Amino acid sequence: MTSPGHGWRLLAYLTAVVAGTAVHDPRWLAAALGAALLLSGRGRGALLRRALKGVAAVALLVSGGYLIMGAILGEASSEFLLLLNTRLILLATLTAWAVRDIDLDRALCRYPEARRWLSIVRVQIALFVRLAQEFRQAQRSRAAFHPSLASRTRGVAALGVAALDKALHNAEEVTQGMRSRGAFDD
Amino acid sequence: MHIPDGLISPQTYLPAVAIAAPLWLLASRKLRTALEDEALPRLAVFTALSFLLTTLMLPLPGGTNGHAIGVALLTLCFGPWTAFLAYSLVLLLQALVLGAGGITTLPVNALAMGFVGAWTAWAVFSLLHRYETAAVAAAVWFSVIIPALLVALVLGAQPSIAQAPDGTPRFFPFGPAVTLPAIVIPHLFIGAAEAVFTCLVWRHARRRRWVNPDRSKGVKAGVHP
Amino acid sequence: MIELAEVGVDFPDGRCALEEIDLRIEAGERIVLLGANGCGKSTLLKVLNALIVPCRGSYRFDGEAIDGARVRDRKWSRRFRRRMALMFQHPEAMLFNPTVEEEIGYGLRHLSDAERRERVARWAAELGLSARLSVPPSALSGGEKQRLCLACVLAVEPDVLLLDEPTASLDPRTVGWLIHHLAESNITTIVATHHLALAPEFGSRAVVLSEAHRIVFDGPVEDALANTPLLLENNLAYAHRHSHSGHEHLHLLCPDGLLAAEEMK
Ligand SMILES: Nc1ncnc2c1ncn2[C@@H]1O[C@H](COP(=O)(O)OP(=O)(O)OP(=O)(O)O)[C@@H](O)[C@H]1O
Ligand SMILES: [Mg+2]
């Protein structure tokens, strides 16, 4: 049911990330990226795509800005661009791999409180998503015309109130649910 | 601000972990003594709420600039420690479940937006509490601006903190002259928008008595044994 | 077994939820708690489950007075929680474990591993959750969540079972199973519902709460259901006057459809 493997995976991921920021040779980083892709098994294409999608905007922005600055000041280093982009892609790939292959719940198997926290978070996220969806649908069905900015602001604020209200209420209900089932008696 | 991994040097994020870790511990202690049994469910529910607020509501252009909505609101209603913890946990979920944000930037973000943001809101509100609506608006606005300033400075310091022997940068390449305007100026407007939103919510919060006179203890709703 | 005397509950915002509740329940009784929205059914069940301590009056369970100090006593609480289980109106309140299997097994921590596994398997099978033991509860549908909650409270095998609108999102098959199961066992049950048609199936004694948060009826279920003014007054039914083919009718509606149609002159 619980496997300690995921805890080790989490540790390995964190170590790899720290190592990836401590090495400053693009060749090593590229080699590490290759190794990560090789080891991640099937679906590596999807991992790489996901990583690229995640960092593309930042990488382009920073690289472009750097090139422009370099053109103005006349001291752009292609070595740096290679280093920066390899590092960004390597770390994003490692993270995508971690997200795919580390089950946070299993990684936390030794910390029952943390697992319980995570379970409640999951249940509650589903509840809040439903609240937001219903709210948006209700707004849409009630708004006959294009709503003004003011009325949209009020709508968002009302959703904020409803969400906070619900959060308070749910926190109390979950507390009672846990107490009712003896969670605070151990 | 969702800075991906690889832009911040270990010389920055390792000390940030060292500062954040004891604060997380302290915050969870505070929450436990203030709320006892209720701490875990309360924290979980608020984490879920902030997760949705920050993840779904405001994806900003460029992808670099996700923003913590509601840190100030959570602070005003439930105290800075709850807001700080909930927001840190949100960052953790985003990094490990969604793969957004980056794990090395987590401590920097948690300190800047979670800790400094929450306490800024708290301090500004306490200073001005006699003019309530203005106090809320100012608290929110500053709780957005100050962390943005901080993040801009941390990012802008990267080229001087971590550079190769020949002087080329190894991480984020631009100095504060670039990062300060690029990050702070948009946040002037974001802060204003969030201030309006928070003031509207706050009015209702007051009406429903969520706001406890001794807010550092958070609100105790319902009848408890 | 259960004695409530002049119990009153106010919420911190000043709203009153229960007023002067007097109730005696003996072991083995099967009670249906009827009342309109907001009349305090859920609150009453939470009082019985020692989650809310009454502001006024007294609550005794098996002769022991239940007050703030008693509730904070963890040893007493452990014993009490094994004897009385509450299924919440909103299933999300009781779901806080990572998997369905752990969720059902949570109330059985005092049992040995083998015993616990056996009981979890048995109740999961009864409620059709056997195939979903390893999924997180957040991944279940609304009705499945409610079935899971039912499995959680039934697995504890308590002496007293409190069910808050257990049929809200269950399919008819599960409702039938539940009714049958409760009738077979000799657990003391208190079921809150506004589903009048099912009331006689869930118990023989009805307690009706008014919108003033007081008990206005306590007696046989049949008498409560036959008492049209009582149902109308407490918004458990809705009288709907209309005419067709020249006759003026009074239709009495309850959530289960037409309960009775009275001919008017
Ligand atoms: N946590 C709370 N804080 C303030 N008021 C509350 C709280 N919980 C319930 N109430 C109020 O107490 C009253 C009784 O609520 P309760 O939930 O017990 O009703 P109910 O009979 O279960 O209704 P329903 O059929 O809708 O489930 C309502 O007026 C409600 O507004
Ligand atoms: Mg109810």
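The values are calculated or read from the model by the stated rules, or taken from the named source; none is laboratory data. What you see is a predicted model; the values in this text were computed from it and never measured. Backbone-built Cβ (ideal geometry, glycine too); neighbour counts: all protein chains shown. Side chains are part of the model used for accessible areas, which takes the heavy atoms of the whole protein and leaves out ligands, DNA and RNA. Shrake-Rupley method; radii C 1.70, N 1.55, O 1.52, S 1.80 Å.
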- Counting only residues that are under 23 Å from residue B:94 (Cβ atoms) and charged (D, E, K, R), which one in the stretch A:35-92 is farthest from the other protein chains (Cβ to nearest Cβ)? A:49
- Output the residues belonging to the stretch C:131-140 that are in a helix (DSSP H, G or I), within 12 Å of chain A (Cβ to nearest Cβ), open to solvent by 10 Å² or more (accessible area, probe 1.4 Å) and in contact with a helix residue (DSSP H, G or I) (Cβ under 6 Å, 6 or more places away or on another chain). C:138
- Taking residue C:128 as meeting all but one of (1) open to solvent by less than 20 Å² (accessible area, probe 1.4 Å); (2) at positive phi, write down the number of the exception. (1)
- Message: Here is a check on your reading of the model: is residue A:71 out of contact with any Asp or Glu (no Cβ under 7 Å at 6 or more places or on another chain) and either open to solvent by 50 Å² or more (accessible area, probe 1.4 Å) or not in a helix (DSSP H, G or I) (or both)?
- Response: yes
- Message: Cβ contacts < 6 Å: first residue touching a residue at least 12 places away in the same chain (Cβ under 8 Å) and under 16 Å from residue C:223 (Cα atoms), restricted to the stretch C:29-44; second residue within 7 Å of ligand 1 (Cβ to nearest atom) and open to solvent by 10 Å² or more (accessible area, probe 1.4 Å), any location; separation 6+ or different chain. Result?
- Response: C:33/C:41; C:35/C:41
- Flagged pairs (Cβ under 7 angstrom, 6 or more apart or on separate chains; first in the stretch C:186-201, on the phi < 0 side of the Ramachandran plot and among the acidic types (Asp, Glu); second assigned to a helix (DSSP H, G or I) and modelled with pLDDT of 90 or more) are C:201/C:179
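In the stretch C:11-24, how many are open to solvent by 50 Å² or more (accessible area, probe 1.4 Å) and either within 13 Å of chain A (Cβ to nearest Cβ) or at pLDDT 90 or above (or both)? Outline the logic, then answer.
First, pick out the residues of the stretch C:11-24 that are open to solvent by 50 Å² or more (accessible area, probe 1.4 Å): C:11-15, C:20, C:22, C:24.
Cutting the leftovers down to either within 13 Å of chain A (Cβ to nearest Cβ) or at pLDDT 90 or above (or both) gives us C:11-13, C:20, C:22, C:24.
Qualifying residue count for the region: 6.
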- Query: Going by the conditions given, is residue C:45 within 15 Å of ligand 2 (Cβ to nearest atom) and modelled with pLDDT of 95 or more?
  - Reply: yes
- Message: So residue C:178 ticks every box in (1) within 19 Å of residue C:42 (Cβ to Cβ); (2) within 12 Å of chain A (Cβ to nearest Cβ); (3) out of contact with any Lys or Arg (no Cβ under 9 Å at 6 or more places or on another chain); (4) more than 16 Å from ligand 2 (Cβ to nearest atom) but one. Which box is left unticked?
- Response: (2)
- Restricted to the stretch A:113-127, and to residues that are among the charged types (D, E, K, R) and more than 7 Å from chain B (Cβ to nearest Cβ), which residue is most open to solvent (accessible area, probe 1.4 Å)? A:122
- Message: Can you list the strands (runs of 3 or more DSSP E) lying wholly within the stretch C:141-236 that have 3 or more residues being surrounded by fewer than 22 Cβ atoms within 10 Å (Cβ to Cβ) and within 16 Å of ligand 1 (Cβ to nearest atom)?
- Response: C:215-220
- Query: Out of A:115, A:100, A:142, A:130, which single residue is of a type in the set (Lys, Arg) and touching a Pro at 6+ places or on another chain (Cβ under 7 Å)?
  - Reply: A:115
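Going by what's in this entry, would residue C:157 be described as at positive phi and within 16 Å of ligand 2 (Cβ to nearest atom)?
On the way: at positive phi: yes; within 16 Å of ligand 2 (Cβ to nearest atom): no.
So residue C:157 fails the test.
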- Item | Filter result (of a type outside the set (Val, Ile, Thr) and part of a helix (DSSP H, G or I)) within the stretch C:1-49 | C:41, C:42, C:44, C:45, C:46, C:48
- Query: Taking the stretch A:9-55 as the region of interest, how many residues are touching a Lys or Arg at 6+ places or on another chain (Cβ under 8 Å) and open to solvent by 50 Å² or more (accessible area, probe 1.4 Å)?
  - Reply: 2
- Hey, can you tell me all the residues within the stretch C:25-52 that are away from ligand 1 (no atom under 14 Å from the Cβ) and away from chain A (no Cβ under 11 Å)? C:25, C:26, C:27, C:28, C:29, C:30, C:31
- Which of the residues that make up the stretch C:1-42 are within 16 Å of ligand 2 (Cβ to nearest atom), in contact with a Phe, Trp or Tyr (Cβ under 9 Å, 6 or more places away or on another chain) and closer than 16 Å to residue C:214 by Cα? C:17, C:32, C:34, C:42
- Query: In the stretch C:81-120, what residues are more than 7 Å from chain A (Cβ to nearest Cβ), in contact with a helix residue (DSSP H, G or I) (Cβ under 7 Å, 6 or more places away or on another chain) and either within 16 Å of ligand 2 (Cβ to nearest atom) or among the small types (Gly, Ala, Ser) (or both)?
  - Reply: C:85, C:87, C:89, C:91, C:105
- Task: Provide a single number: the residues in the stretch A:76-92 that are open to solvent by 10 Å² or more (accessible area, probe 1.4 Å), of a type in the set (D, E, K, R) and closer than 14 Å to residue B:8 by Cα.
- Result: 0
